[in-house]
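Trainee: Here it is: the structure, laid out below.
The values are calculated or read from the model by the stated rules, or taken from the named source; none is laboratory data. Since we're looking at a predicted model, the values are computed, not measured. For neighbour counting, all protein chains shown are included, and Cβ atoms are generated from backbone atoms with ideal geometry for every residue, glycine included. Each accessible area value is taken on the protein alone, full model and side chains, heavy atoms only, with ligands, DNA and RNA left out. Shrake-Rupley method; radii C 1.70, N 1.55, O 1.52, S 1.80 Å.
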2 protein chains.
Amino acid sequence: MTNDEMRFGTEILKQAEVLATFTEDAPRITRTYLSKEHRQAGDYLIGLMREAGMTADYDVMGNIVGRYEAGVPFAPVVMTGSHQDSVRNAGKYDGLFGILSPIACVKELNRQGKRLPYTLEIVGFGDEEGVRFGVTLIGSKAMAGNFDPAWLEKKDANGITMRDAINQFGGDADAWQSLDRRGDGHGEVVAFVESHIEQGPTLLDEGLAVGVVTAIAGATRMNVKVTGLAGHAGTVAMTKRQDALTAASEMVLYVERYCRDNENLVGTVGRIACLPGAINVIPQDVEFSVDVRSGSDSVRHSAIKQIRTEFTLIAERRNVKVDAQPFFELNAAPCDDALQKQFADAIAAQGIAPRYLPSGAGHDAMEFPKVCPIAMLFVRCGNGGISHHPSETMTAEDAEIATATLLHFFEHYQPPSFFADKAQRVDRS
Amino acid sequence: MTNDEMRFGTEILKQAEVLATFTEDAPRITRTYLSKEHRQAGDYLIGLMREAGMTADYDVMGNIVGRYEAGVPFAPVVMTGSHQDSVRNAGKYDGLFGILSPIACVKELNRQGKRLPYTLEIVGFGDEEGVRFGVTLIGSKAMAGNFDPAWLEKKDANGITMRDAINQFGGDADAWQSLDRRGDGHGEVVAFVESHIEQGPTLLDEGLAVGVVTAIAGATRMNVKVTGLAGHAGTVAMTKRQDALTAASEMVLYVERYCRDNENLVGTVGRIACLPGAINVIPQDVEFSVDVRSGSDSVRHSAIKQIRTEFTLIAERRNVKVDAQPFFELNAAPCDDALQKQFADAIAAQGIAPRYLPSGAGHDAMEFPKVCPIAMLFVRCGNGGISHHPSETMTAEDAEIATATLLHFFEHYQPPSFFADKAQRVDRS
């Protein structure tokens, strides 16, 4: 396929290039919540939404929200979207592709004069990465009724509170509750679907442009402290040592081995510190982090249990102490079976065998099971699957295929019959 | 033995308590080169030396030097001593015992009106630990002709050069060469002996008050860089990772295993750093130190060779890169066989079976093989062998036995016959 033959891919990649210019530290890409660049990106996205035939504006917390009204009255809402913000020194597609691709779908639908049996809402969440205030998923948490108003007092590096930043952006921080889409008042949201770059190498390694996400992995994070006994590196015989670092090294390798032996797990030690940290002193205190993720909560729970047991055995054998404390728990967010099936059909319609895969990373969609069934479409991530980094890549061909898949999904999705019944009742009246 | 029955031990421990009050950060003990506290400790030691019957003063670099003149003319010099300075947050005996114990010997000899067939020089080296200027063994290096005048430009944390500090102390930095005791001009130094707390648990574990040092271990230090590939902790499958930290952990355990399998080796990884160092990012860059020591240079060299080979194999297997660069090499300083034998006889005379053991730590004596044969006496270190720490301990009984051993050594040592001949020639003239 040449660029000229593409309906979506070329244009989406051009739009991503424009959005990459709204950055706080060019030539790097960094765009945090409620920044000047958030405003620039938001204005640009609102422009694209309106041009595509939607009504669009910011909500009270700075999320960018567009609506493509249903073709029938009393129709429910299908929500889609992803985040406008980025990590520091980010790539161009993480988050943004999930906003740009449905806008391209709506533009195409609108061009054909086609309306759907539901209203499609596209959201560009103001914050997912949590860079500015240290709280992640702010936009999706607000919409899923999981926002804690105490966070409004959190300050950024310049001492500005989230409340002040929201209000200065033109929002209304204290109206945060109005965004909650759960329950009767807003019961019309029947599905949340998100398209997103994979941020890993699975599709790349298997030569597939897109795949269906089965679940967003749950995670447990632990802080582990190993306490040995310092000693002179030259004078304490090897057999007399209580070396905290060699003990920790065994633990690091155990996490790796345990998770490697189970296809549904990943485990990472990303941080380690060693005290006193002198070349000629046997390490006394080592602290390290453990991050374990799985699409299955039970697999994750038994992994953590087993890892903690083994840490204790290693410590006993080596005459050191260990304290492994979980400090963060997030349950897996399973994707809805019927919606997965529909994405699989949409992928098959592109001539591609549907590949089901879990998402190890967190996404805005993970907040929405409190509101409605969720689903996610993954798009191949080039360059070895690297993301959160300037070398993140996506091809125009893949953007084209993913957007066509998403459009197929939107065109074929049927809201639950309750709404159809309601609409029919109205029609008869 | 009660305290009242001791000739040396009780008094030496009291003196060590006095010296502990000359500290830069009470209640901790820290005494650096050319500090006010160096002056206080030096004045106190010079007082003890003079009281014991010696002439004593500072030399041009702030070392404290006492002389107990020989009983015969044209006699050679036996040098003994250790360092007055300390690490930060030090114990009370490291270094100081090696100055106090020979002063006690001289005091006893002088009390008996006894002179030796050689002049005994006791040196309190101004710096061994290197805390202030980052160069270790400054005093002994100057005396062994191994001082680099470029070090005079080194600055402490306050920007004061070593040159200025020496001169402000009352020394004469540019006269550093006058301290060189090698060669013809000063060929009279025939032995250097040092008594020192063991700083390890060997004598403690075997229930021995003292032991004979066979060699001061040589050391190789390496800086090791492992380069993997960063990735998202949730999205990269275990089998696809190039994790620099798990690779480094295997290397750390290999150093331990290799050195544990060889009685003549110790190996330590005391420092490790991991980048980017985020809980949710697979480590890309890990740097760690390796410190390997042995009394045998050939054992150490083959260990380093084998460790580097294994590091390469681990890196290849794990698809990461490793660069292990030795940046510090110090050959072992073997103790003189005849002097060892004489220490063994002195120990046996106390009713103790002589235990021969290597010194894993460096000591002032290690600089002196360029000048003369060396020997060391180790004294039991309490509290599990801990040193460089406030919980370093020595009992009065052990100080007593060690000083009696040292006195036996001094009383029985005979200088090489060259000097005896020379003295006889003079006598005949």
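Trainee: Assigning unit charges at the beta carbon (Lys, Arg +1; Asp, Glu -1) and nothing else, what dipole magnitude in debye, to the nearest 20, does the range B:218-330 show about its Cα centre? List each step's numbers first, then the result.
Mentor: Numbers: 14 positive and 13 negative charges, 40 e Å.
In debye, rounded to 20, the range B:218-330 gives about 200.
Trainee: Which order do A:V190, B:V60 take when ranked by solvent-accessible area (1.4 Å probe, heavy atoms of all protein chains), largest first? Don't jump to the answer; show the numbers that get you there.
Mentor: Numbers: A:V190 15, B:V60 40 Å².
Largest accessible area first, the residues go B:V60, A:V190.
Trainee: If you don't mind, another one. How much length is gained on full extension from B:N158 to B:D174, taking 0.36 nm per residue of separation minus their Cα-Cα distance? The partial results should precede the final answer.
Mentor: Numbers: separation 16, 0.36 × 16 = 5.76 nm, distance 2.14 nm.
So the chain would gain 3.6 nm between B:N158 and B:D174.
Trainee: Considering only DSSP beta bridges with both partners in the protein assembly as shown, what is the antiparallel share in %, to the nearest 5?
Mentor: Details: 90 of 130 bridges.
Approximately 70 percent, going by the DSSP bridge assignments.
Trainee: Would you mind putting A:85-92, A:47-54, A:212-219 in packing order, based on average other-beta-carbon counts within 10 Å, highest first? Intermediate values should be presented prior to the final figure.
Mentor: Values: A:85-92: 21.6, A:47-54: 18.4, A:212-219: 24.2.
By packing density, highest mean first, the sequence is A:212-219, A:85-92, A:47-54.
Trainee: Please get the size of the charge dipole for the range A:255-307, origin at its Cα centre, with Cβ charges of +1 on Lys and Arg and -1 on Asp and Glu, quoted in debye to the nearest 20. Don't skip to the answer; put the middle values down first.
Mentor: Numbers: 6 positive and 7 negative charges, 13 e Å.
For this selection, approximately 60 debye.
Trainee: Need one number: convex hull volume per residue for the range A:218-330, Cα atoms only, in Å³. Show your work: numbers first, answer last.
Mentor: Numbers: hull volume 9.6 nm³, N = 113.
Output value, Cα hull per residue: 85 Å³.
Trainee: Can you list, bin by bin at 10 Å, the percent of alpha carbon pairs in the range B:1-147, starting at 0?
Mentor: 12, 41, 33, 12, 1
Trainee: Axis carrying A onto B: which residue of A has the nearest Cβ, and how far, whole Å?
Mentor: Reported as residue, whole Å: A:S249, 2.
Trainee: Binning at 10 Å from 0, report for the protein assembly as shown what percent of all alpha-carbon pair distances ends up in each bin.
Mentor: 2, 11, 18, 16, 13, 10, 10, 8, 6, 3, 1, 0, 0, 0, 0
Trainee: In nm, one decimal, shortest first: how far is the label point of B:T227 (7 Å from Cα along Cα to beta carbon) from the matching points in the other copies?
Mentor: 4.0
Trainee: Also, I was wondering about something else. Of A:K92/A:K370; B:K14/B:K107; B:K92/B:K155, which ones are farther than 25 Å apart at the Cα? Kindly include the intermediate steps, with their values, before the conclusion.
Mentor: Numbers: A:K92/A:K370 29 Å; B:K14/B:K107 16 Å; B:K92/B:K155 27 Å.
Flagged as over cut-off: A:K92/A:K370; B:K92/B:K155.
Trainee: How crowded by other chains is A:276-289, given as the mean number of beta carbons from other chains within 10 Å of each beta carbon?
Mentor: Working: counts 3, 5, 7, 14, 12, 7, 5, 6, 0, 0, 1, 0, 5, 5.
For this peptide, the per-residue mean of nearby foreign Cβ atoms is 5.
Trainee: Which one, B:L229, B:L203, B:F192, is farthest towards the positive end of the dipole of the range B:172-236 when Lys and Arg carry +1 and Asp and Glu -1 on their Cβ?
Mentor: Looking along the dipole axis, the top candidate is B:L229.
Trainee: Send over the per residue convex hull volume for chain B, Cα only, as a whole number of Å³. Provide the component values of the computation, followed by the final result.
Mentor: Values: hull volume 68.6 nm³, N = 429.
Once divided by residue count, the hull of chain B is 160 Å³.
Trainee: Could you order the peptides B:69-77, B:267-275, A:152-160 from most to least packed, using the average number of other C-beta atoms within 10 Å per residue?
Mentor: Going by the mean number of other Cβ atoms within 10 Å, highest first, we get B:267-275, B:69-77, A:152-160.
Trainee: Specify the angular offset, from 0 to 90 degrees and rounded to the nearest 10, of the alpha carbon long axis of helix A:9-20 from the longest principal axis of the alpha carbons in chain A.
Mentor: Here the helix axis deviates by roughly 60 degrees.
Trainee: Right, here's the next one. Give the residue from A:Y258, A:T80, A:A173 lying farthest towards the positive end of the charge dipole for chain A; charges sit on Cβ (+1 for Lys and Arg, -1 for Asp and Glu) and the dipole is referred to the Cα centre.
Mentor: Result: A:Y258.
Trainee: Per residue of A:240-246, count partner chain C-beta atoms within 10 Å of its C-beta, then hand back the mean as an integer.
Mentor: Values: counts 6, 4, 1, 5, 0, 10, 9.
Partner-chain Cβ atoms within 10 Å, mean over residues of A:240-246: 5.
Trainee: Please list the radius of gyration and Dmax for the range A:351-393, considering alpha-carbon atoms only, with Å as the unit.
Mentor: Over the range A:351-393's Cα set, Rg and Dmax evaluate to 13.1, 35 Å.
Trainee: Take B:V18 and A:F74, extend 7 Å from each Cα along the Cα→Cβ direction, and tell me the distance between the two endpoints in nm.
Mentor: 10.2 nm
Trainee: Something else about it: Got the relative contact order for the range B:218-330 handy, in percent, Cα pairs under 8 Å and 6 or more residues apart? List each step's numbers first, then the result.
Mentor: Working: 231 pairs, mean separation 51.0, N = 113.
About 45 percent, as a whole number.
Trainee: Hey, another quick one. With +1 assigned to the C-beta of every Lys and Arg and -1 to the C-beta of every Asp and Glu, and no other charges, what is the dipole magnitude of chain A about the Cα centre in debye, to the nearest 20? Numbers along the way, then the final one.
Mentor: Numbers: 42 positive and 57 negative charges, 174 e Å.
Around 840 debye, computed over chain A.
Trainee: Here is a follow-up. Which whole number gives the average count of other chain Cβ atoms within 10 Å of the Cβ atoms across peptide B:247-260?
Mentor: Per residue, the average neighbour count from other chains is 4.
Trainee: Place the label 7 angstrom along Cα→C-beta at A:P326 and in each other copy, then list the distances from the first to the rest in nm, shortest first.
Mentor: In ascending order, 4.8 nm.
Trainee: Can you list the copy-to-copy distances for B:A349, using a point 7 angstrom from Cα toward Cβ, in nanometres, shortest first?
Mentor: When each copy's label point is compared with this one, the spacings are 10.2 nm.
Trainee: Towards the positive end of the charge dipole of chain A, with charges on Cβ (+1 Lys, Arg; -1 Asp, Glu), say which of A:C381, A:L19, A:T246 has the farthest Cα.
Mentor: Of the options given, the answer is A:T246.
Trainee: Using the per-residue mean of other Cβ atoms lying within 10 Å as a proxy for protection, in what order, highest first, do the peptides A:279-286, B:298-305 fall? Kindly include the intermediate steps, with their values, before the conclusion.
Mentor: Values: A:279-286: 23.0, B:298-305: 17.5.
Highest mean packing first, the order is A:279-286, B:298-305.
Trainee: Roughly what % antiparallel, to the nearest 5, for the DSSP beta bridges in chain B?
Mentor: Numbers: 45 of 65 bridges.
Roughly 70 percent of the DSSP beta bridges within chain B come out antiparallel.
Trainee: All other residues with a Cβ under 13 Å from the Cβ of B:R7 taken together, and with Lys, Arg as +1 and Asp, Glu as -1, what is their net charge?
Mentor: Numbers: positive: B:K107, B:R111; negative: B:D4, B:E5, B:E11, B:E108, B:E397, B:E400.
Charge balance in the 13 Å sphere: -4.
Trainee: Find the relative contact order for chain B and round it to a whole percent, using C-alpha pairs within less than 8 Å whose residues are 6+ positions apart. Don't skip to the answer; put the middle values down first.
Mentor: Numbers: 958 pairs, mean separation 95.8, N = 429.
For chain B, the relative contact order is 22 percent.
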